[in-house]
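The values are calculated or read from the model by the stated rules, or taken from the named source; none is laboratory data. Remember, it's a predicted structure, so these values are computed and weren't measured experimentally. In this analysis, Cβ positions are derived from the backbone assuming ideal geometry, glycine residues included, and neighbour counts consider all displayed protein chains.
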Amino acid sequence: MRTELSSTSSEIDNNLSQYARDIFSSYDTIGDDKIYVEQLGEVLRVLDVYPTEADIKKYQSYFDSPEKRITFEEFISCFKDARKNMKPVSMEEIIEGLSHFDKEDNGMINVAELRHILTTLGERLKESDVDKLIEGHADPEGNIYIAQFVKEIMETDLKM
């Protein structure tokens with residue numbers, strides 16, 4: 001591993017470190033206290049750190065190959081870096097961003113347009129994930145109230 005990410009788990013709060021270790025261990029399918037490099041992004045996301053795909057590729061590039069298995073100490077360096085670089089997005093910012101697509105200026109967005117945005121722009125979601133997000137939010141005309149949708153999605157995420 002390159003030295004850019006060298007550190008130890010002792011620098012992270014003990015409770016968080018133990019939680020991270022527990023999650024990390026749950027991804028160890030062999031029993032050698034390691035995970036595959038290709039699992040980095042998934043494990044980080046389970047730990048409520050949401051790196052971009054570019055960030056994940058950057059972390060993976062620190063190791064020889066996606067098939068390489070890494071220790072918890074190697075993983076925790078990526079985890080710390082991802083947490084440090086994490087910028088929470090506010091509900092207002094998301095609403096404002098989606099409101100740019102509100103053509104009628106009525107606080108709503110068409111489901112087809114929202115689906116297009118979520119599957120083609122920025123960090124792209126899978127169609128199946130978009131289906132889950134949108135389910136139960138559209139009115140009979142196929143529109144979604146932006147503020148209500150964002151609020152419900154964010155509240156649901158906080159409860160998990």
Taking E127 and the conditions (1) out of contact with any helix residue (DSSP H, G or I) (no Cβ under 8 Å at 6 or more places or on another chain); (2) not assigned by TED's automatic domain parsing to the domain that holds G31, which numbered condition does it fall short on, given that it satisfies the others? (1)
Check off (1) assigned to a loop (DSSP other than H, G, I, E, B); (2) at pLDDT 90 or above for L40 and give me the number that stays unchecked. (1)
Here the residues within segment 8-59 that are among the small types (G, A, S) and buried (at least 16 other Cβ atoms within 10 Å of the Cβ) are S9, S17, A20, G41
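Which residue, of S90, S99, is at pLDDT below 90, over 28 Å from I35 (Cα atoms) and of a type in the set (S, T, N, Q)? If you could, list the steps in order and put the result at the bottom.
Details: S99 fails: at pLDDT below 90.
Among S90, S99, only S90 is at pLDDT below 90, over 28 Å from I35 (Cα atoms) and of a type in the set (S, T, N, Q).
Select from segment 92-127 the residues that are under 19 Å from P51 (Cβ atoms) and among the basic types (K, R) and write down the one among them that is surrounded by the most Cβ atoms within 10 Å (Cβ to Cβ).
R124
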